[in-house]
């Protein structure tokens with residue numbers, strides 16, 4: 001998660017998808033876990049963490065959004081693929097991270 005934290009902190013107004021097998025895995029491990037985003041980012045960088053919506057917003061306008069790779073109402077939108085390594089990375093276990101399809105290419 002350190003790479004995803006660094007990327008979001010140094011690239012303003014990005015949209016970054018964080019994928020895990022379940023929404024709970026994404027929330028509990030990727031964001032709130034021992035090496036999750038909230039531990040990797042300085043507290044002063046975090047504008048808002050909405051646990052219910054699965055959205056972490058940084059003061060520079062970057063938004064991380066949590067998605068499940070296994071279905072349900074929080075399944076990743078079409079075009080967001082597990083295992084993509086272009087741009088920012090994030091994810092847990094076998095689910096790789098990727099960029100949101102609406103984010104700018106680098």
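The values are calculated or read from the model by the stated rules, or taken from the named source; none is laboratory data. Bear in mind that the values here come from a model prediction, so they are computed numbers and not experimental data. Cβ coordinates were reconstructed from backbone atoms using ideal geometry, including for glycine residues, and neighbour counts include every protein chain displayed.
General observations
- Count of residues meeting criterion [surrounded by fewer than 17 Cβ atoms within 10 Å (Cβ to Cβ), more than 24 Å from residue 70 (Cα to Cα) and touching a residue at least 12 places away in the same chain (Cβ under 8 Å)] in the stretch 7-37: 2
- Hey, residue 75 out of contact with any strand residue (DSSP E or B) (no Cβ under 6 Å at 6 or more places or on another chain), surrounded by fewer than 18 Cβ atoms within 10 Å (Cβ to Cβ) and modelled with pLDDT under 95 or not: no
- The stretch 38-60: number of residues that are surrounded by fewer than 14 Cβ atoms within 10 Å (Cβ to Cβ) and more than 16 Å from residue 6 (Cβ to Cβ): 6
- Taken over the stretch 31-42, the criterion of being in a helix (DSSP H, G or I) and either in contact with a helix residue (DSSP H, G or I) (Cβ under 7 Å, 6 or more places away or on another chain) or at pLDDT below 95 (or both) is satisfied by 31, 37, 38, 40.
- Test result for residue 66, at pLDDT 90 or above, on the phi < 0 side of the Ramachandran plot, surrounded by 13 or more Cβ atoms within 10 Å (Cβ to Cβ) and assigned to a strand (DSSP E or B): yes
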